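A.B. asks: Just dropping this structure here.
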Amino acid sequence: MNIGTRKILDRSFTAVGLTSILLMALALLVVVVPIVSGGIGAIFFKGTIEHRKLQLREFDNGNREVLDRQIAESEPYRQEVFRMLDAFAAELETFEPTRKREYSSKVSSVKDIVSHLLGPVPGEPEPILLRFQYGTTRWEKAEESLHDLMFVTKWDTSNPEEMGKQYFVPRVDEFAGTSLAALFPYIEENLEKMLLPEQTFYWGFLTERSLDAHIFGGVWAEIQGTLFLAIGAMLFAFPMGVIAAIYFTEYARENVFTSILRSANSTLAGVPSIVFGLFGLAFFINTIKVSDSKSVLAGSLTLAIMILPTIIRAAEEAILSVPKTYKEASIGLGSTKWRTIVTVILPAALPGIITGGIISLGRAAGETAPIIFTAAVSVGATIGLGDVLTSPTPALSWNIYNLASEHEAANEIRHVQYGMVLALISIVLLLNLSAILLRARISKKLKG
């Protein structure tokens, strides 16, 4: 190959490499930017007076005197809304039966939206669920509810060859000529005075328990459960993985038995994670009964089996990368083989071993399938260290899926879903960052 051809190939490979890196960076931005922006919205947002009421009454957070003053400030505007509804209810009694039935259905929708905005309408039965005891706690949701109040969604299906087209009709037109017609412009004009929105830094999203299936509150139980499961998995997998790597590199002979063990380890690394979840259910819970049902212990053992091949492989490569002269020098000075491994080889391989362990820890924290059958629950309180042997726990990975796909109010709590995703990504990134820093520190210490 002549020099000109070699230069062309080198430049082509460089261009392909740079293009690939750029495309990966763009793809990462497309995924990460919405997660970060949505996740930050769970902590920084415009909170209404309903949010401040909830915080004070349910978590004892906030200034009672300031809140009482704000309630007194907003109450006259709220009472005017309720007065209009009562006036229309009295007017409704004067309508003929057919017209009364027609308007009763329409005003019922209006009352539902008003109660969603401002809380329970006076005179209505006391709500049982917490979500109906307060009005809208976030200003952007209040604006959505205001749109639903002001307009009725209609669909144009006149053209059979096209899908129905959505359009909006002012709701006030349905009540033209009645006393309720004045309600709609009044709420539109005075909604801010009723809800008193202000910029809120809700640190409690990361430190408080959830209320009413994550309609309100935070995700501390899920963060704690994720850490319990990941750290528990490492407590089982890391020592076993390092010991197995020492056996493979220092003691095992090249024979059929060793080949089978290596093949089994490589095969386990490629097994789908859902299979580990089913194995954990069948073996740890149903066979050896480490717990009566789902528990942190069963989930940690399942995750440990899943990440064990990665730890073994990482530790094995780290040990093999230690120069043989270290071992030869130690044995030449009269040290035993085991003492050489413990005092010379393992300290030199420690940066690589720890890196592999932390990467495995990050993977354990983000797995969903292995804990579905063994540890995770959709809704639950925080648990103590004494409960990990018997109790299941919420976990970020499982609850993200559950809230996004199975929650009855999934569209209402998008900020919670994004907040959980951002929390999980942050945990994994922090674990990986700690691996980098720890490896650098140990390497610097070993070099003197």
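A.B. asks: Could you pull out the residue among Ser109, Ser115 that is among the polar types (S, T, N, Q), surrounded by 13 or more Cβ atoms within 10 Å (Cβ to Cβ) and in contact with a helix residue (DSSP H, G or I) (Cβ under 8 Å, 6 or more places away or on another chain)?
C.D. replies: Every option except Ser115 fails the conditions.
A.B. asks: Under 9 Å by Cβ, and 6 or more places apart or on different chains, what pairs join a residue from the stretch 159-175 that is free of Cβ contacts under 8 Å to residues at least 12 places away in the same chain with one that is of a type in the set (Val, Ile, Thr) and surrounded by 11 or more Cβ atoms within 10 Å (Cβ to Cβ)?
C.D. replies: Sorted first by the residue in the stretch 159-175, then by its partner, the pairs are Asp173/Val152.
A.B. asks: Counting only residues that are under 18 Å from Ser360 (Cβ atoms) and surrounded by 14 or more Cβ atoms within 10 Å (Cβ to Cβ), which one in the stretch 241-260 is nearest to the chain's Cα centre (by Cα)?
C.D. replies: The qualifying residue nearest to the chain's Cα centre (by Cα) is Gly241.
A.B. asks: Within the stretch 70-106, can you find the residues that are of a type in the set (S, T, N, Q) and either surrounded by 14 or more Cβ atoms within 10 Å (Cβ to Cβ) or not in a helix (DSSP H, G or I) (or both)?
C.D. replies: Gln70, Ser74, Thr94
A.B. asks: List every residue pair whose Cβ atoms sit under 6 Å apart, with the two residues 6 or more apart in sequence or on different chains, where the first one lies in the stretch 61-72 and is in contact (Cβ under 8 Å) with a residue 60 or more places away in the chain and the second, anywhere, is surrounded by 11 or more Cβ atoms within 10 Å (Cβ to Cβ).
C.D. replies: Listed by first residue and then by second, the contacts come to Asn61/Gln55; Gln70/Ile49; Gln70/Leu196.
A.B. asks: So which of Gly362, Gly357, Gly352, Gly334 ends up being at pLDDT below 90, of a type outside the set (Phe, Trp, Tyr) and outside any helix (DSSP H, G or I)?
C.D. replies: When all the criteria are applied, what remains is Gly334.
A.B. asks: Under the condition of being farther than 28 Å from Thr48 by Cα and not in a helix (DSSP H, G or I), which residue from the stretch 170-193 is modelled with the lowest pLDDT?
C.D. replies: The selected residue is Gly177.
A.B. asks: For the stretch 8-21, state whether one or more residues are acidic (Asp, Glu) and either in contact with a helix residue (DSSP H, G or I) (Cβ under 7 Å, 6 or more places away or on another chain) or at pLDDT below 90 (or both).
C.D. replies: Yes, the stretch 8-21 has at least one match.
A.B. asks: Go through the stretch 194-211 residue by residue and tally those that are crowded, with 19+ Cβ neighbours inside 10 Å, out of contact with any Ser or Thr (no Cβ under 7 Å at 6 or more places or on another chain) and assigned to a loop (DSSP other than H, G, I, E, B).
C.D. replies: 2
A.B. asks: Out of Leu129, Leu67, I need the residue that is within 37 Å of the chain's Cα centre (by Cα) and surrounded by 15 or more Cβ atoms within 10 Å (Cβ to Cβ). Which one?
C.D. replies: Criteria check complete, one pass: Leu67.
A.B. asks: A further question on this structure: Among the residues of the stretch 32-63, how many are under 14 Å from the mean Cα position of the chain (by Cα), among the hydrophobic types (A, V, I, L, M, F, W, C) and part of a helix (DSSP H, G or I)?
C.D. replies: 4
A.B. asks: Same structure, new question: How many residues, within the stretch 317-349, are surrounded by fewer than 21 Cβ atoms within 10 Å (Cβ to Cβ) and closer than 30 Å to Leu424 by Cβ?
C.D. replies: The number of residues fulfilling the criteria is 1.
A.B. asks: Let me ask you something else. Given (1) closer than 17 Å to Gly241 by Cβ; (2) without any contact (Cβ under 8 Å) to a residue 12 or more places away in the chain, where does Pro351 come up short, assuming only one miss?
C.D. replies: (2)
A.B. asks: Scan Thr226, Thr207 and give me the residue that is modelled with pLDDT of 90 or more, outside the structural domain of Lys337 (by TED's automatic domain parsing) and of a type in the set (Val, Ile, Thr).
C.D. replies: Thr207
A.B. asks: Something else now. Name the one entry in Thr302, Thr310 that is modelled with pLDDT of 95 or more, among the polar types (S, T, N, Q) and touching a helix residue (DSSP H, G or I) at 6+ places or on another chain (Cβ under 6 Å).
C.D. replies: Criteria check complete, one pass: Thr302.
A.B. asks: Could you please tell me which pairs satisfy a Cβ distance under 7 Å, a separation of 6+ or placement on different chains, a first residue in the stretch 88-111 that is charged (D, E, K, R), and a second residue that is surrounded by 14 or more Cβ atoms within 10 Å (Cβ to Cβ)?
C.D. replies: Close Cβ pairs (under 7 Å, with a partner that is surrounded by 14 or more Cβ atoms within 10 Å (Cβ to Cβ)) amount to Glu91/Thr178; Glu91/Ser179; Lys100/Leu92; Lys106/Glu174; Lys111/Leu85; Lys111/Val121.
A.B. asks: So, in the stretch 261-307, exactly how many residues are assigned to a helix (DSSP H, G or I) and surrounded by fewer than 20 Cβ atoms within 10 Å (Cβ to Cβ)?
C.D. replies: 17
A.B. asks: Please find, among Ala42, Ala142, the residue that is touching a residue at least 60 places away in the same chain (Cβ under 8 Å), surrounded by 14 or more Cβ atoms within 10 Å (Cβ to Cβ) and not assigned by TED's automatic domain parsing to the domain that holds Pro170.
C.D. replies: Of Ala42, Ala142, the one residue that is touching a residue at least 60 places away in the same chain (Cβ under 8 Å), surrounded by 14 or more Cβ atoms within 10 Å (Cβ to Cβ) and not assigned by TED's automatic domain parsing to the domain that holds Pro170 is Ala42.
A.B. asks: Do you know which residues across the stretch 362-388 are among the β-branched types (Val, Ile, Thr), within 14 Å of the chain's Cα centre (by Cα) and closer than 17 Å to Ala233 by Cα?
C.D. replies: Thr368
A.B. asks: Please specify each residue of the stretch 387-412 satisfying the condition of being in a helix (DSSP H, G or I) and either under 15 Å from Ser300 (Cβ atoms) or touching a strand residue (DSSP E or B) at 6+ places or on another chain (Cβ under 8 Å) (or both).
C.D. replies: If the condition is that a residue be in a helix (DSSP H, G or I) and either under 15 Å from Ser300 (Cβ atoms) or touching a strand residue (DSSP E or B) at 6+ places or on another chain (Cβ under 8 Å) (or both), then Asp387, Ser397, Trp398, Asn399 are the ones that fit.
The values are calculated or read from the model by the stated rules, or taken from the named source; none is laboratory data. Only a predicted model underlies this, so the values are computations on that prediction, with no experimental measurement involved. Please note: Cβ atoms are built from the backbone with ideal geometry, for glycine as well, and neighbour counts cover all protein chains shown.
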